[in-house]
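Novice: I have a structure I would like to understand better, so I am pasting it below and will then ask my questions one at a time.
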Amino acid sequence: AAKKKKSDDMNEDVELSSKLHQNIEKYCPPNLWKYNSAEILELLTSKILYDDNEIIGLWKPYGLPMFGSANKSNEHNLEKYLPMLAKELGHAQLLEVHRLDATTTGVVLLATSEHRRKHLKQLLFERKIVKTYVAITNGIPRPSEGIINIPIGEGKIGNIRNGKGEVVERYRKTLRPDYSSKENKIITNKKTSKADSSPATTEYRVLASNNGASLVEVLMMSGVKHQIRVHLGLALGTPILGDNKYSYIDQLQKPQLVKGGIVERLGVKRSHTRHLPIFLHSKRVSIPEILPEKTLTITASLPHFFNKVQKKLRL
């Protein structure tokens, strides 16, 4: 028999490896940047969860930011489509009430009148609107349920060179514990940071755990930007699966070290886990003072990619 070349063995190894590992895209949402404007409008029109009482409940897809930016004027964002969506739904206007991150799916509220917008914003300010999220975490939160009450502020996280070669400082949201609080009876040898911060309270409950991952239900008791991501990742040390930004207390955008059980269950290469989406979903919004004698509850089903991973991890 002819002697096998070393290169043949290498090719067989590559072929075998590709058969053993799943393509990471199997666990990712559709890429909205491949959609044209007409397709985005059609998608949004099909995602209306509620349309009554001057309130629109919209199922926001993954990867769609709420607003555009000056240097990305051609990219899709929800604000850009609101006038067209209003026309499709037979309304004069659609107004933003609150925000979701581009990478968060699920219920987002819009108002069809300025009066209703102000009413809903006041309810949010008074914390009468209950927003419930679900997340898959990289790790198992301990304890299995609780309330995180730690202020959040901006913190320096290092330097980076910009496109001009200049060194600029990088910042992101971080924990700003109030060590001077009367409730603090444990840590007495630290001083509270003088930097600006906002009170932030998050209630969480682990619904299921397996393979080093957890399905967690989260209630936002306040409305600080990236609050759930900061509290789960930096306060509990169990970041949302796929959230590289808040996986390390002192590093930014370093790829998340995904638990071995998760990697094994998903059947992907560990190096590819950095491309996983962020598994955070706005599941339910409950609003008082709209319907007579009962609360208006708008619920959004989980996205397909979230469902697929949840089932794969047996959560």
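The values are calculated or read from the model by the stated rules, or taken from the named source; none is laboratory data. Predicted model, so just to flag it, every value in this text is computed and none were measured. Glycine also receives a Cβ, built like all others from the backbone with ideal geometry; neighbour counts cover every protein chain displayed. Calculation scope for accessible area: heavy atoms of the full protein, side chains included, ligands and nucleic acids excluded. Shrake-Rupley method; radii C 1.70, N 1.55, O 1.52, S 1.80 Å.
Novice: Taking springs between alpha-carbon atoms closer than 10 angstrom, which of HIS275, HIS231, HIS21 fluctuates most in the Gaussian network model of the chain?
Specialist: The residue that fluctuates most here is HIS21.
Novice: Rounded to the nearest 10 Å², what accessible area does TRP33 show when all protein chains are kept and the probe is 1.4 Å?
Specialist: In the full protein context, TRP33 sits at about 120 Å².
Novice: In terms of modelled amide H atoms, which long-range or inter-chain residues lie less than 5 Å from the amide H of THR297?
Specialist: The answer is ILE287.
Novice: So which of LYS60/LYS259; LYS259/LYS312; LYS118/LYS173 end up more than 22 Å apart, counting from Cα to Cα? Display every interim value, and only then the final one.
Specialist: Values: LYS60/LYS259 29 Å; LYS259/LYS312 14 Å; LYS118/LYS173 27 Å.
Too far apart for the 22 Å limit: LYS60/LYS259; LYS118/LYS173.
Novice: Could I ask something else about it? Quick check: net charge around PHE306, other residues with Cβ under 14 Å of its Cβ, Lys/Arg +1 and Asp/Glu -1? Walk me through the numbers on the way to the answer.
Specialist: On the way: positive: LYS26, LYS60, LYS283, LYS308, LYS311, LYS312; negative: GLU217, ASP243.
Local charge sum for PHE306: +4.
Novice: Using the Cα centre of the chain as the reference point, and only Cβ charges (+1 on K/R, -1 on D/E), how large is the resulting charge dipole? Debye, rounded to the nearest 20. Don't skip to the end; give the middle numbers.
Specialist: Numbers: 50 positive and 32 negative charges, 221 e Å.
Value, rounded to 20: 1060 debye.
Novice: Which FRET efficiency value, to the nearest 0.05, do you get for ARG127 and ASN31 by plugging their Cβ-Cβ distance into 1/(1 + (r/R0)^6) with R0 = 45 Å?
Specialist: On the way: r = 36 Å, r/R0 = 0.80.
Between ARG127 and ASN31 the formula returns 0.80.
Novice: Quick one: Cα centre-to-centre distance for the stretch 253-311 and the stretch 43-99, in angstrom?
Specialist: 21
Novice: When the Kirkwood hydrodynamic radius is evaluated over all pairs of different C-alpha atoms of the stretch 105-147, what value in angstrom, to one decimal, is obtained?
Specialist: Values: mean 1/r = 0.0752 Å⁻¹.
Taking every pair of different Cα atoms in the stretch 105-147, averaging 1/r and inverting gives 13.3 Å.
Novice: Where does the Debye-calculated log10 I(q)/I(0) of the stretch 206-315 sit at q = 0.19, 0.23, 0.24 Å⁻¹, using only Cα point scatterers of equal weight, no solvent?
Specialist: Debye intensities relative to I(0), on a log10 scale: -1.06, -1.41, -1.49.
Novice: Quick one: order ASP52, ASP243, ASP196 from most to least accessible surface, probe 1.4 Å.
Specialist: Working: ASP52 85, ASP243 0, ASP196 135 Å².
Order by accessible area, largest first: ASP196, ASP52, ASP243.
Novice: Could you give the accessible area per residue of the chain, probe 1.4 Å, as a whole number in Å²? Let's see the in-between values first.
Specialist: Details: 17610 Å² over 315 residues.
Heavy-atom accessible area per residue stands at 56 Å².
Novice: What does the net charge come to around SER37 if you take all other residues with beta carbon closer than 12 Å to its beta carbon, with K and R at +1 and D and E at -1? Before the final figure, lay out the partial values.
Specialist: On the way: positive: LYS80; negative: GLU39, GLU42, GLU75.
So the surrounding residues net to -2.
Novice: From the cross-link list LYS47/LYS131; LYS80/LYS131; LYS80/LYS308, which pairs have alpha carbons spaced over 27 Å apart?
Specialist: Values: LYS47/LYS131 19 Å; LYS80/LYS131 25 Å; LYS80/LYS308 31 Å.
Check vs 27 Å cut-off fails for LYS80/LYS308.
Novice: If I compute solvent accessible area with a 1.4 Å probe over the protein chains, what percent of it on the chain is carbon and sulfur? Let's see the in-between values first.
Specialist: Numbers: 8640 of 17610 Å².
The C+S portion of the solvent-accessible surface of the chain is 49 percent.
Novice: Turning to a different aspect of this structure: If I model the chain as equal point scatterers sitting on the Cα atoms and use the Debye formula, what is log10 I(q)/I(0) at q = 0.09, 0.13 Å⁻¹?
Specialist: Debye output, listed in q order: -0.55, -1.08.
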